[in-house]
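Report on one structure; see the data block that follows.
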Amino acid sequence: MGKKRHAKDRAYLTTTEWREEWGGYKVKPTGTSFKRLPFYCCAISFQPFEDAVCTADGTCYDIINAVPYVRKYHRHPVTGQPLELKDLIKLHFHKNADGEYACPTLGKVFTEHTHIVAVKASGNVYCWEAIEELCLKPKNMRDLLTDEPFTRKDIIHIQDPLNLQGRLIDQFDHVKKDLTVEDEEELERQRADPLHFIKADPLHSIKVVNEDTQRALAALNSKESEAAFQAGGGGKKAQAERLLAEAKAAAAAAAKGSGEKGGAAAAEQQQQQQQGKPQQQQQRQPGQPDPRLRSERRELTYAFRPGAATWNSDEPGVGGPAGPAAPGGKKGAAQEPPKFDPNAGRPVPPPYSSKFVEGAGTSGAASRAFTSTSAPLATKNERLLVRVDLMPKKKGYLRLHTSLGDLNLELHCDIAPRTCENFFALAESGYFTGTAFHRSIKNFMVQGGDPTGTGKGGESIYGPTFKDEVDSRLLHSGRGVLSMANSGPHTNGSQFFILYKSAHHLDYKHSVFGRVVGGLETLSLIEKIPTDDEDRPLQEVGITGAAVVVPYCAALRCAVRAVQEVAITGATVFVNPYKELLEEEAKAEDDKRKKQEKEEQGYHEGDEFGQWFSDPAGRGSGAAAAAAGAAAAPQLEAVLGGGGGGVGKYLAAAGGGGAQAGGGGQPAKKQKRAGGGYGNFDAW
């Protein structure tokens, strides 16, 4: 109870108890509650944006809201500082297959706890881990998608979980001062429209039509609509894009002609001409983004996958389906470019195992015929054939001979059998012959295995691609890790890379199947070779040969050369773990076939086969031995001369006696001694 507890037990409620614990008056909190703007919302309308732009401080807006606001107030909506249209930066957010905003390199989904950054030169948005690991630490200051150079000052922090400054809604300048943008032209047009009040009547049938639809219906078959169509559209989004592009073009022209006399006047005149005739100067296809918003380099529009653009990205061709007119042909029928050969004319070897068994699935022909009228008639489903994979139980060792030295590789055939089989088969067949390391990034990795040398070619022995083989025991940890290059999940081909240092951001995205166990000094020499702007070694280092050494097995030699010295040293296989399995299977099938042949001839596993001179009368164990002795008795008698004189008759007699005594191979039983009890005591 405590000392003097009775003095604190009151029979009434104090003022503090009544106010805080009971129904007394409670002081209301002063100020607004904490509200944080999500990264995917516009800082003006507080709604999710569709076409994002941002300022240098990382505040994001929708382009249809930012452009009118900046044109009217010429100030920052959040900080209130001066701002012009040329200061807005167009952003390119990437979404994954589920429609979520994600990093295009690491595939990390953006949340409120993700550190999100953007590159000012290209406008591409990444997570901070991708920029830090792939650009800042290896000092590769180039955009991971477009390969444009940038500096640390060009990194814009869109969302930093540790810094909420600039994300509090109640601190926004336009919220404090209640600044809004109203379309005055639209209001005047509605006042001048005599049918405006009729359309606004709730009983009228056109009440469900929004403002954009009404404006589009009123502008049909007019010159303004034709001009807007040629310029890329007449909606708010297209207008905002044109205004932003014109502002950037004017700023670029002013910067270019700042040293010349009258540069500012020329830029202003150019801007006025663009506003007067947009359809003549900036022609573009309807629905396409304004070309003036693009960067100086051509944009890449390929579907990006985690880890691909760093060293293995396919850059698509320019142009659409309607190309320039071919000479002597119809308009729009462009000449087809030569088809790209990913193998550069090299034959792809088949897998080691060509054995197929019936799988659990079926072809589904009967189901298609039952539910579809276009499918051929079928009343029976056939099981699909599944290839039997080889599963070796030991590791393999491969020696690559490069122009700078040898690299000894250990392949984890027991953990990643399909990937190692692909590498063994390609090396043994000479598929890597003449290939070079086409990409090298210091403090990251060196990549090779592409017969075209462009980073876009190469196929596997299972087809163009095959599935990943990831395992928790095989991670991108340490120098010399050997892994497969890909352009997304389950897109492995023939290209591989060797790490210069750990790269844990690639774990479970690329299949690790080996490591360097000898020749690390050669790997250091390759890393020191200078590269060009595309990370291609200036001194092309190629593979001049390969040799496989497996415990108690193969050595494979495969010639793969540098560009300067085209030489093939040949291929010599000493032992291959996959071929060992095939030999064991062939031997087991041969033994099984011989066993079946013996069973068909009447022999059993327990039968013993003797010679006539060791068991002439058929003395053996079992009925088969007795039958064989009886069948051979006439021949034996003729050979030994059983009917005449001489030694033969004694042998025959001995044989006959033995046969009688043997009783068909059974030993004679001992006679029991007669008598019993205590015996005779007469001698006592």
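Residues that are open to solvent by less than 30 Å² (accessible area, probe 1.4 Å), in contact with a Phe, Trp or Tyr (Cβ under 6 Å, 6 or more places away or on another chain) and farther than 20 Å from F39 by Cβ within the stretch 119-148 comprise just one, P138.
Within the stretch 149-184, restricting attention to residues that are in contact with a strand residue (DSSP E or B) (Cβ under 7 Å, 6 or more places away or on another chain), touching a residue at least 40 places away in the same chain (Cβ under 8 Å) and of a type in the set (V, I, T), the residue that is surrounded by the most Cβ atoms within 10 Å (Cβ to Cβ) is I158.
Filtering the stretch 1-35 to residues that are modelled with pLDDT under 80, of a type in the set (K, R) and either under 30 Å from T59 (Cα atoms) or assigned to a helix (DSSP H, G or I) (or both) leaves R5, K35. Scan the stretch 484-523 for residues that are farther than 19 Å from P464 by Cβ and of a type in the set (S, T, N, Q) and the total you get is 2.
For residues that are part of a loop (DSSP other than H, G, I, E, B) and hydrophobic (A, V, I, L, M, F, W, C), scanning just the stretch 471-529, find the one that is most open to solvent (accessible area, probe 1.4 Å). Looking at the filtered set, the residue picked out is L475.
Only a single criterion out of (1) in contact with a Pro (Cβ under 9 Å, 6 or more places away or on another chain); (2) surrounded by 15 or more Cβ atoms within 10 Å (Cβ to Cβ); (3) more than 30 Å from E133 (Cβ to Cβ); (4) not polar (S, T, N, Q) is not satisfied by I441, namely (3). Looking at the stretch 60-115, which of the residues that are of a type in the set (G, A, S) and crowded, with 16+ Cβ neighbours inside 10 Å is nearest to L134 (Cα to Cα)? Ranking the qualifying residues of the stretch 60-115, first place goes to G107. In the stretch 538-546 there is at least one residue that is at pLDDT 75 or above and surrounded by fewer than 19 Cβ atoms within 10 Å (Cβ to Cβ).
The values are calculated or read from the model by the stated rules, or taken from the named source; none is laboratory data. Note that the structure is predicted; figures quoted are calculated from it, not measured. Using ideal geometry, Cβ is built from the backbone for each residue, glycine included, and neighbour counts are taken over all protein chains shown. In case anyone asks, the SASA skips ligands and DNA or RNA and just uses the protein heavy atoms, side chains included. Shrake-Rupley method; radii C 1.70, N 1.55, O 1.52, S 1.80 Å.
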